[in-house]
Amino acid sequence: MSNFLSVTDRTKQEFNAIIDNAIELKKSYAKHRDVFKGKTLLMYFEKPSTRTRLSFESGFAKLGGHPIFFTGGHISSGKEDLRDTAEMYSRFTDLVVARVYSHEALVELARHSKIPIINGLSDLEHPCQALADLMTVKEHRGFENTTLAYIGDGNNVANSLALACAYTGVKFKIATPKGYEMSKDIAAKAKALGGNIEAFNDAKQAVQGADFVYTDVWVSMGDEKEERQRLSAFKDYQVNGELMKIASLGAKFMHCLPAIKGKEVTAEVFSSPQSIVYDQAENRMHAQNALMMHLLEKH
Ligand code: CP
Ligand code: NVA
């Protein structure tokens, strides 16, 4: 079964082909209007979402398909086990995107799914975000001699970005506070895939030579109980005008959103001409549509 729980569920060639197809699709929706006709997408969300919901729901409908959104207590009344949920949706739908607290839940759903399953964000990875982000990097600069610096929490977004950079030949530099490093397993996997990764505890070192400076919230969904200690741990990791000056001339600012202005990024950098955050958000739809076409063998 073709899944996308991790960036590495696709090969390097497939990942790059999906990006190229997404760039092409963005210009040619009229040609693909019926590609998902007669297909149903289940959107199974344990956590809130703006971009992931909008981009999947709108994107699938734009190509002729029918999305169904389930969240909170509506998922199997919260009583069924994941096996029964997977058995059920496999009989009614063609594709599922799941946003979960624990990555293990995705693995368990995938074990019993008879249809492709996409990770719409877990505690471990956010591969659809990384796919759209690398599409955005390709559009703005290309992959050759390109460095992306990630500043902040070594979380789901950072993990998928490290793998996506390894797949595309983009150098990945990351700065996190001690204790908030990215997954060691994923860093090792990215390196084994040929990834050029450098990890720091100092944001200034990480942004030197960076063409893209990326950050994410300091308190992810599920981490709310740690808010106070996180705000203190991350206080030297804000992306502000001073930090952007250390990056390459003309460096772009990226953020997966939602952003908390005044915390991980200043309002000034967020709204500066260097910021490409809305391009990133828009590309979620094009990248995911190209991904779903690939998983449903429509390409
Ligand atoms: N970037 C992202 O996944 O945003 P949402 O949480 O709003 O879906
Ligand atoms: N790291 C964030 C990403 C939100 C898109 C979270 O998991 O909440």
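The values are calculated or read from the model by the stated rules, or taken from the named source; none is laboratory data. Note that this is a predicted model, so its numbers are computed, not measured. Glycine gets a Cβ as well: all are built from the backbone with ideal geometry, and neighbour counts include every protein chain shown.
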Might you check whether a residue that is in contact with a Leu (Cβ under 7 Å, 6 or more places away or on another chain), closer than 16 Å to residue 286 by Cα and more than 16 Å from ligand 2 (Cβ to nearest atom) occurs anywhere in the range 72-90? no
From the list 147, 176, pick out the single residue that is hydroxyl-bearing (Ser, Thr, Tyr), modelled with pLDDT of 95 or more and surrounded by fewer than 23 Cβ atoms within 10 Å (Cβ to Cβ). 147
With respect to the numbered conditions (1) within 13 Å of ligand 2 (Cβ to nearest atom); (2) under 28 Å from residue 20 (Cα atoms); (3) crowded, with 23+ Cβ neighbours inside 10 Å, which one is the sole condition not fulfilled by residue 153? (2)
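Counting residues that are touching a residue at least 60 places away in the same chain (Cβ under 8 Å), which strands (runs of 3 or more DSSP E) fully inside the range 1-106 reach at least 3?
Of the strands (runs of 3 or more DSSP E) lying wholly inside the range 1-106, those with at least 3 residues that are touching a residue at least 60 places away in the same chain (Cβ under 8 Å) span 40-45.
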Right, residue 96: closer than 28 Å to residue 283 by Cα, out of contact with any helix residue (DSSP H, G or I) (no Cβ under 6 Å at 6 or more places or on another chain) and more than 13 Å from ligand 1 (Cβ to nearest atom) or not? no
Residue in the range 125-133 that is part of a loop (DSSP other than H, G, I, E, B) and either more than 18 Å from the chain's Cα centre (by Cα) or modelled with pLDDT of 95 or more (or both) present: yes
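Quick one: would you say residue 123 is surrounded by fewer than 24 Cβ atoms within 10 Å (Cβ to Cβ), within 14 Å of ligand 1 (Cβ to nearest atom) and either in contact (Cβ under 8 Å) with a residue 60 or more places away in the chain or among the acidic types (Asp, Glu) (or both)?
Against the criterion (surrounded by fewer than 24 Cβ atoms within 10 Å (Cβ to Cβ), within 14 Å of ligand 1 (Cβ to nearest atom) and either in contact (Cβ under 8 Å) with a residue 60 or more places away in the chain or among the acidic types (Asp, Glu) (or both)), residue 123 qualifies.
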Take the range 30-61 and flag every residue that is among the basic types (Lys, Arg) and either crowded, with 18+ Cβ neighbours inside 10 Å or within 15 Å of ligand 2 (Cβ to nearest atom) (or both). 39, 47, 51, 53
Could you tell me which of the residues 231, 257, 291 is assigned to a helix (DSSP H, G or I), in contact (Cβ under 8 Å) with a residue 60 or more places away in the chain and of a type in the set (A, V, I, L, M)? 291
What about residue 71, is it under 20 Å from the mean Cα position of the chain (by Cα), within 15 Å of ligand 1 (Cβ to nearest atom) and surrounded by fewer than 17 Cβ atoms within 10 Å (Cβ to Cβ)? yes
Residue by residue through the range 260-286, note down the ones that are among the small types (Gly, Ala, Ser), in contact with a Lys or Arg (Cβ under 9 Å, 6 or more places away or on another chain) and not in a strand (DSSP E or B). 267, 271, 281
Right, residue 276: within 16 Å of ligand 2 (Cβ to nearest atom) and under 26 Å from residue 19 (Cα atoms) or not? no
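This table checks each residue for (1) within 20 Å of residue 46 (Cα to Cα); (2) within 18 Å of the chain's Cα centre (by Cα).
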{"residue": "192", "(1), (2)": "no, no"}
{"residue": "200", "(1), (2)": "no, no"}
{"residue": "204", "(1), (2)": "no, no"}
{"residue": "209", "(1), (2)": "no, no"}
{"residue": "212", "(1), (2)": "no, yes"}
{"residue": "217", "(1), (2)": "yes, yes"}
{"residue": "221", "(1), (2)": "yes, yes"}
{"residue": "227", "(1), (2)": "no, no"}
{"residue": "231", "(1), (2)": "no, no"}
